[in-house]
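Structure first, commentary second.
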Amino acid sequence: SYAMISLSVALQAIFFICFGALADYGSNRKMFLWFTTYFGSLCCVAALFIRSSWAALVTGLLQILITIAFGAALMLYNSYLPL
């Protein structure tokens, strides 16, 4: 689990660098906020229904997606704060 969390944080940092400008200068930031919020929520719900022999791997991959979506949603939400 620690390896998955470390990998998700590293991928989250790369995602922030690549897509951080969308939060500040993008005209579709509300759409991206909605997408990341719903995508993260669906991944959380999907983690509840995993019942297979690959449960640990699939749950780890979902954890990576959840962490990236949560971080991106926070980044996009903070772009609405006034300067």
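Read the figures in this text as sums done on the coordinates, not as results from a lab. This is a predicted model, so every value here is computed, not measured. Cβ sites come from the backbone with ideal geometry, for glycine too, and all protein chains shown count toward neighbours.
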**OP:** May I ask for the Rg/Rh ratio of the chain, computed from Cα atoms with Rh as the Kirkwood radius, given to two decimals?
**Re:** 1.04
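Between I17 and Y2, what is 0.36 nm times their sequence separation minus the Cα-Cα distance? Round to one decimal in nm.
Working: separation 15, 0.36 × 15 = 5.40 nm, distance 2.29 nm.
Length gained between I17 and Y2: 3.1 nm.
Could you tell me which trypsin sites (Lys or Arg not before Pro) in region 24-83 are loop residues by DSSP with no more than 10 other beta carbons within 10 angstrom of their beta carbon? It would help to have the intermediate numbers written out before the result.
Values: sites: R29, K30, R51; in loops: R51.
Loop-located and lightly packed - R51.
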Subject >> Relative contact order (percent, whole number), region 1-81, Cα cutoff 8 Å, 6+ residue spacing >> reply: 51 percent
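In the chain, which chymotrypsin sites (Phe, Trp or Tyr not before Pro) are in a loop and have at most 16 other Cβ atoms within 10 Å, using DSSP for the loop call?
Details: sites: Y2, F15, F16, F19, Y25, F32, W34, F35, Y38, F39, F49, W54, F70, Y77, Y80; in loops: F49, W54, Y80.
The qualifying sites are F49, W54, Y80.
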